[in-house]
Structure formats: C-alpha cells, structure tokens
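The values are calculated or read from the model by the stated rules, or taken from the named source; none is laboratory data. Keep in mind the model is a prediction, meaning the values are calculated, not measured. Here Cβ is always computed from backbone atoms with ideal geometry, including for glycine, and neighbour counts include all displayed protein chains. The accessibility values were calculated without ligands, DNA or RNA, using every heavy atom of the protein model including side chains. Shrake-Rupley method; radii C 1.70, N 1.55, O 1.52, S 1.80 Å.
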Amino acid sequence: MLALFTGSFDPYTIGHADILRRALPLFDRIVIAIGVNERKQYMLTAEERRRAIEQLYKDEPKVSVTTYSDLTVDLAQRLGAHYIIKGVRSMKDFEYEREQADINRQLSGIETLLLFASPELASVSSSMVRELAHFGKDVSAFLPPKITIPQSNV
C-alpha cells in the first residue's frame, strides 16, 4: 500500500524524519511529496529540497521523493496512493489538518493518517528553523544529519 507524506519541507527537519520513521512500518511504500505553491516564498528551491531528502533516504527502498504543484489528491490519484500522512504538533495543526483531511476525503475518498509529534520534537518546525537560520543561529540540531542549509540561503 502506497502513502504520500506531504509538506513543503522547507527545510526537512528531525520532526519530519521522526514522523516518516514511525509511518514506514505501516506502508509498503511512502512517497515524500514536496508541495510547491507559486504564491509562497521558500528558503530552499524545490530541487534543493528534493535532492537533500533523496540523499537522506537513498538506502531506504520504501521511500521515494517527488515534487508537485497541483492538489495533493490529484497527485495521489496519479500515483495510486491510498493514504496521506501528516504530522501534528499542536491543536492548531490538528484543526488545520482535520479540515484538509475532510476536504481531501470528500474530493477523492483518500484517507489521512495524522501522527502526533513526539513530545520532545513538538516545538520543531520548518518556520522556526528558517527564523533561527536567518539570524545566524546553528540549526543543525533540528535537521537530520545529511540535511544542511546552504549559507547563501540564510
């Protein structure tokens, strides 16, 4: 069974890695699907994010990485995915993801699996990492070992 793990992953954090690690035993294959929204400004290009995440999981045959710029349900239909995986850090995240899950199910019948963040990682977010990096702070503790932020992007 195929699932999509979706997000902007700008950058991919240890929180994302934890959600994926916990979801892997549940599925035959997981596609990390990097969403690209033309109205949003990113720190890293979609290609930089894709390459970095691919490198991180190069030895994990159950994981592949793609980018997309249309609706998640359309990507799911193209790939034959049955589930969407999302991480939830707070009640605010939960409400947003619940609404998205309801709409996605109405549009396509796809189910969303919400995994709650491990308590020690609940404060880790891509936006927090971007903010710290912008002010010159070392963010390596919040990123998986093979994920880096090029200095030119900080």
Options Gln77, Gln41, Tyr12, ranked by Cα towards positive dipole end of the range 10-77, top entry (Cβ charges):
Tyr12
Relative contact order of the chain (C-alpha contacts under 8 Å, at least 6 apart) in percent is 33 percent
Heavy-atom accessible area per residue of the range 65-145, all protein chains kept, 1.4 Å probe, expressed in Å², is 61 Å²
Need one number: nm distance between label points at Glu111 and Asp74, each 7 Å from Cα along Cα→Cβ, rounded to one decimal.
2.6 nm
For Met128, what is the net charge nearby, where nearby means another residue's Cβ is under 11 Å from its Cβ and Lys, Arg count +1, Asp, Glu -1?
+2
Total formal charge among the other residues, if their Cβ is under 9 angstrom from that of Ile32, Lys/Arg +1 and Asp/Glu -1:
0
Residue-normalised 222 nm signal for the chain, counting each DSSP H run of n ≥ 4 as -39,500 (n - 2.57), nearest 500 deg cm²/dmol, is -11000 deg cm²/dmol
In whole Å, what are the extents of the range 53-154 along the principal axes defined by its C-alpha atoms, from largest to smallest?
44, 33, 24
For the chain, the dipole about the Cα centre with charges only on Cβ (Lys and Arg +1, Asp and Glu -1), to the nearest 20 debye, works out at 180 debye
Cross-link candidates for Lys58: which lysines have Cα within less than 26 Å, leaving aside residues fewer than 8 places away along the same chain?
Lys86, Lys146
Which of Pro61, Pro144, Pro11 fluctuates most in a GNM of the chain (C-alpha springs under 10 Å)? That residue is Pro61
Ignoring ligands, DNA and RNA, what percent of the 1.4 Å accessible area of the chain is carbon and sulfur?
52 percent
Under Karplus coefficients 6.51, -1.76 and 1.60, residue-wise ³J(HN,Hα) of the range 79-91 in Hz, glycine/proline x:
8, x, 6, 9, 9, 10, 9, 9, x, 10, 9, 8, 5
Using a Gaussian network model of the chain with C-alpha springs under 10 Å, which one of Ile103, Ile14, Ile53 is most mobile by mean-square fluctuation?
Ile103
